[in-house]
Protein chains: 2
Amino acid sequence: MRIGVLAKAASVSVPTIRYYESIGLLAPPARQGGERIYGSEALKALNLVRHCRELDFSIDETRDILASVQRRLPCSDTKTFAEKHLGSIRKKIAELRALEATVAALVSGCETTCCGSAAPDCVILQAR
Amino acid sequence: MRIGVLAKAASVSVPTIRYYESIGLLAPPARQGGERIYGSEALKALNLVRHCRELDFSIDETRDILASVQRRLPCSDTKTFAEKHLGSIRKKIAELRALEATVAALVSGCETTCCGSAAPDCVILQAR
DNA sequence: CTTGAACCTCAAGTGGCTTGAGGGCGTAGC
DNA sequence: GCTACGCCCTCAAGCCACTTGAGGTTCAAG
């Protein structure tokens, strides 16, 4: 199958496929007259990559997952990747919730104390 | 004051200050023998920039906020920026919470159904 | 006068692509 | 034969917000 067909089949853009190849995430396929020709294994791999990226694994993590799949390692490995990832997602959520609280407090502070004054004096802009 | 002093006073790295100048976020200061010399206004501006960046405003948003401060616009402007920002923080939190739920479900799915099988068959890696 | 810290500029690297320039091949219609 | 279209190719640059490094200059202290 040509690259455009693979791209549609995996819902990934053509340049993205070439990019994945250039960074060594996907194996370079055979060529016919200069054009890349893919088999069904490439589609499987690309679907897996897309799945990992949708779950927000980094490219490096995706590479590691791909490697453990190709080596048919036990799925406890996969679970370890996922758990670590879950930890970092939760960490980021916590950071964002703290940020949300900070900004929300500043907005309501502005409403109750400084609304109408000039920007340089607004409580939102007072660094601590 | 020299750039190193300014950097310490505002808790910002020296290259970052030069970077802010290069993108037009901070005004280029006077020079003495080729070296940048800053006044107290530069410190105020840089403190404000740092504050905005800590609140995770983008550089462009920070630039707009800085402009509204320098024009002494009413602080309702500032509040509008902050509210818009709060909206995008909340949106990102919602996205991450959905992602967290997805990954957590995959991990517990792996624990109950497939733990021990080979990675290619692990439920975590089954794209939908 | 020498040393060492602090300063300077410019370029490249980070992540994960996207976009664009400039060109080749194959087919379909006129 | 000629043109237009659609697909493919490579290479380079752009996005964000810096950080890091190379290589060179200026300043302050001893």
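The values are calculated or read from the model by the stated rules, or taken from the named source; none is laboratory data. Everything numeric in this text was worked out from a predicted model, so none of it was measured. Ideal geometry is used to build each Cβ from the backbone, glycine not excepted, and the neighbour counts take in all protein chains shown. Calculation scope for accessible area: heavy atoms of the full protein, side chains included, ligands and nucleic acids excluded. Shrake-Rupley method; radii C 1.70, N 1.55, O 1.52, S 1.80 Å.
For segment A:17-32, the set of residues classified as more than 9 Å from DNA strand D (Cβ to nearest atom) and more than 20 Å from the chain's Cα centre (by Cα) consists of A:A27, A:A30, A:Q32, listed by residue number. Given the structure, is A:S68 more than 13 Å from DNA strand C (Cβ to nearest atom), among the hydroxyl-bearing types (S, T, Y) and touching a Ser or Thr at 6+ places or on another chain (Cβ under 9 Å)? Answer is yes for this residue.
So that you can scan it fast, the table gives a plain yes or no per residue for (1) in contact with a helix residue (DSSP H, G or I) (Cβ under 8 Å, 6 or more places away or on another chain); (2) within 22 Å of A:S58 (Cβ to Cβ); (3) in a helix (DSSP H, G or I):
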site: A:K8; (1), (2), (3): no, no, yes
site: A:V12; (1), (2), (3): yes, yes, no
site: A:Y20; (1), (2), (3): yes, yes, yes
site: A:L25; (1), (2), (3): yes, yes, no
site: A:R36; (1), (2), (3): yes, no, no
site: A:E41; (1), (2), (3): no, no, yes
site: A:A45; (1), (2), (3): yes, yes, yes
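When you go through B:K79, B:K44, B:K91 one by one, which is the residue that is among the basic types (K, R), more than 10 Å from DNA strand D (Cβ to nearest atom) and loosely packed, with under 12 Cβ neighbours inside 10 Å? After ruling out the rest, the residue left standing is B:K91.
Selection of first residues in segment B:9-25 that are under 13 Å from B:K44 (Cα atoms) and of second residues that are polar (S, T, N, Q), restricted to Cβ pairs under 6 Å at least 6 apart or on distinct chains, gives the following pairs, ordered by first then second residue: B:A10/B:N47. For segment B:33-43, a residue qualifies if it is more than 20 Å from the chain's Cα centre (by Cα) and not basic (K, R), and the qualifying residues are B:G33, B:G34, B:E35, B:I37, B:Y38, B:G39, B:S40, B:E41, B:A42. Among the residues of segment A:90-107, is there at least one that is under 16 Å from the mean Cα position of the chain (by Cα), more than 16 Å from DNA strand C (Cβ to nearest atom) and facing chain B (nearest Cβ under 7 Å)? Yes, segment A:90-107 contains a residue that is under 16 Å from the mean Cα position of the chain (by Cα), more than 16 Å from DNA strand C (Cβ to nearest atom) and facing chain B (nearest Cβ under 7 Å).
On the basis of being touching a residue at least 24 places away in the same chain (Cβ under 8 Å) and part of a helix (DSSP H, G or I), does B:E83 make the cut? It is false that B:E83 is touching a residue at least 24 places away in the same chain (Cβ under 8 Å) and part of a helix (DSSP H, G or I).
Within segment B:57-72, can one find any residue that is open to solvent by 50 Å² or more (accessible area, probe 1.4 Å), at the interface with chain A (Cβ under 7 Å from one of its Cβ atoms) and touching a Leu at 6+ places or on another chain (Cβ under 9 Å)? No, segment B:57-72 has no match at all. Here B:E54 meets each of (1) surrounded by 16 or more Cβ atoms within 10 Å (Cβ to Cβ); (2) within 12 Å of DNA strand D (Cβ to nearest atom); (3) within 12 Å of another protein chain (Cβ to nearest Cβ) with one exception, condition (1). Condition (residue is more than 23 Å from B:S108 (Cα to Cα) and over 16 Å from the mean Cα position of the chain (by Cα)) applied to segment A:44-61: is it met by at least one residue? Among the residues of segment A:44-61, at least one is more than 23 Å from B:S108 (Cα to Cα) and over 16 Å from the mean Cα position of the chain (by Cα), which makes the answer yes.
Any residue at all in segment A:110-117 that's surrounded by fewer than 17 Cβ atoms within 10 Å (Cβ to Cβ), on the phi > 0 side of the Ramachandran plot and facing chain B (nearest Cβ under 7 Å)? Yes, there is a match, as at least one residue in segment A:110-117 is surrounded by fewer than 17 Cβ atoms within 10 Å (Cβ to Cβ), on the phi > 0 side of the Ramachandran plot and facing chain B (nearest Cβ under 7 Å).
Yes or no: segment B:54-66 includes at least one residue that is farther than 30 Å from B:Y20 by Cβ and of a type in the set (G, A, S). The answer is no, given that none of the residues of segment B:54-66 is farther than 30 Å from B:Y20 by Cβ and of a type in the set (G, A, S). Only residues that are within 11 Å of DNA strand D (Cβ to nearest atom) and away from every other protein chain (no Cβ under 14 Å) were counted in segment B:6-16, giving 5.
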